[in-house]
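The values are calculated or read from the model by the stated rules, or taken from the named source; none is laboratory data. Model, not experiment: these values are computed from the prediction. Cβ coordinates were reconstructed from backbone atoms using ideal geometry, including for glycine residues, and neighbour counts include every protein chain displayed.
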Amino acid sequence: MVGRDGEEEADARARACLTAVVPPGDPWVGEMLVEHGADRVWADLTAGAPAPTVSGAADTDPVTRERLRRRWDRWSRRAEAVDADALLNASAEAGIRLVVPGDPEWPGRLEALELPGGSRSHGLWVRGHGDLRNLCLRSVAIVGARAATAYGEHVASELAYDLAARSVVVVSGGAYGIDGAAHRAARAVGNTVVVLACGLDVDYPRGHAGLFADVARAGALVSERPVGAAPRAPDFLVRNRLIAALTPGTVVVEAGRRSGALNTAAHAVEMHRALMAVPGPVTSAMSVGCHALLRDWQAGCVTCADDVLAQVTPLDDEPPPPGPFRVAADLGPETARVLEAVPRTGAGTATIAARSGAPLERAMRSLGLLAAAGHVERCASGWRIPR
């Protein structure tokens, strides 16, 4: 938890502890964090004090108030067993870091969860060498059935491979079937982000432990659950909102009538993100959900990477201007600071911006100018000095 001042450090420690006690995305606690801050909420929990009031709580009916009180008391009992130092030390030993709102690595697209009544994230546990914000800037989610057919895995692999070859990061849930096919194909040529519903040291499903270790080398694994947390059934559905929120568009490759991928699709629609589906054989039960998305949800019909990129137009970079373009040798002060902040091993845009002291938008513009002049180049983790 480097680079935070005293107040930010206290907030991050409190959020880390909250992830061990409060279910991910709880709207009630999310409102508390906005109005009172994580440090105050955690202090009241550990002290056994009543829950901090939130706007509109006075209008809550007595039955709901009693239900919330019982939940708060249950969380308060759990909080007594949480040791912040032990939690953070165990995470660090496992190569897992905490990213919270306000950190340079916090993905800007998660603002979609900040709407009133939304399922805000208390904090994200991240494992891997990739910068999460940088990875999600140009990304697409590919999701689908665990019990995928050979057709579905083939389509998911081709889509993920072709997108990753165009520097698009593939985001998925790390499950067997479509998720695993997409992650493996993306890693073969580019990068991927795995969003899990358990602690990042748990490796669920177990058969993907090798895949997750490979992803961590250049990409990232993300979870709202702390180290040691086993997956629970409700967490998979809550996790799906993160997959939809981190990307500008979601592709459903295969989905049965009751597939969890349809839950991810619903979140994408709620956040006004592009929703796409791959058509399948009309005789396949694994394509019933996709056909429903195409028929009833007005999902975009996609069959290749070109179709996906056409649906998610903001991903397309502006074409470079004709002719050579050079930056003057005497760089401006801010651009020079950005250049000095770029390591030879590579770092994400947000990390470089924080090191240079430049606002993120200006750092991005400076990096574009420096890249045009050949001073920096893109790499798996973001930007680096050319070798």
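Rundown of residues vs (1) surrounded by fewer than 19 Cβ atoms within 10 Å (Cβ to Cβ); (2) acidic (D, E); (3) in contact with a strand residue (DSSP E or B) (Cβ under 7 Å, 6 or more places away or on another chain); (4) not in a helix (DSSP H, G or I), yes/no style:
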site: R77; (1), (2), (3), (4): yes, no, no, no
site: N89; (1), (2), (3), (4): yes, no, no, no
site: A92; (1), (2), (3), (4): yes, no, no, no
site: G102; (1), (2), (3), (4): yes, no, no, yes
site: E105; (1), (2), (3), (4): no, yes, yes, yes
site: E111; (1), (2), (3), (4): yes, yes, no, no
site: R120; (1), (2), (3), (4): no, no, no, yes
site: W125; (1), (2), (3), (4): no, no, yes, yes
- prompt: Within the stretch 177-198, is even one residue hydroxyl-bearing (S, T, Y) and either farther than 14 Å from V140 by Cβ or without any contact (Cβ under 8 Å) to a residue 12 or more places away in the chain (or both)?
  reply: no
task: Look at D83 and say whether it is over 14 Å from D26 (Cβ atoms), free of Cβ contacts under 8 Å to residues at least 24 places away in the same chain and within 28 Å of the chain's Cα centre (by Cα).
output: yes
- prompt: Among the residues of the stretch 32-75, which ones are assigned to a loop (DSSP other than H, G, I, E, B), of a type outside the set (S, T, Y) and closer than 21 Å to R120 by Cβ?
  reply: G37, A51, P52, V54, G56
task: Filter the stretch 343-360 down to the residues that are of a type in the set (A, V, I, L, M, F, W, C) and assigned to a helix (DSSP H, G or I), then identify the one that is surrounded by the most Cβ atoms within 10 Å (Cβ to Cβ).
output: I352
Single unsatisfied condition, L237 versus (1) touching a His at 6+ places or on another chain (Cβ under 7 Å); (2) part of a helix (DSSP H, G or I); (3) at pLDDT below 95: (1)
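Yes or no, residue by residue, for (1) surrounded by fewer than 21 Cβ atoms within 10 Å (Cβ to Cβ); (2) under 23 Å from L309 (Cβ atoms); (3) under 13 Å from the mean Cα position of the chain (by Cα); (4) at pLDDT 95 or above:
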site: A220; (1), (2), (3), (4): no, yes, yes, yes
site: E224; (1), (2), (3), (4): no, no, yes, yes
site: L246; (1), (2), (3), (4): no, yes, yes, yes
site: R257; (1), (2), (3), (4): yes, no, no, no
site: H272; (1), (2), (3), (4): yes, yes, no, no
site: M276; (1), (2), (3), (4): no, yes, no, yes
- request: Exactly one condition in (1) modelled with pLDDT under 85; (2) within 22 Å of T247 (Cα to Cα); (3) in contact with a strand residue (DSSP E or B) (Cβ under 8 Å, 6 or more places away or on another chain) is not met by G346; state its number.
  value: (2)
- line: Counting only residues in the stretch 301-322 that are at pLDDT below 55 and over 17 Å from L137 (Cβ atoms), the one surrounded by the most Cβ atoms within 10 Å (Cβ to Cβ) is identified as P320
message: over 18 Å from E114 (Cα atoms) and at pLDDT 95 or above: is that true of A10 in this structure?
response: no
field: Those residues of the stretch 29-54 which are in contact with a helix residue (DSSP H, G or I) (Cβ under 7 Å, 6 or more places away or on another chain) and surrounded by fewer than 15 Cβ atoms within 10 Å (Cβ to Cβ), in sequence order
entry: G48
query: If you go through the stretch 361-376, how many residues are surrounded by 15 or more Cβ atoms within 10 Å (Cβ to Cβ) and at pLDDT 75 or above?
result: 7
query: Taking D235, is it under 22 Å from R138 (Cβ atoms) and among the acidic types (D, E)?
result: no
statement: Note on G228: of the conditions (1) farther than 21 Å from S287 by Cα; (2) buried (at least 21 other Cβ atoms within 10 Å of the Cβ), unmet is (2)
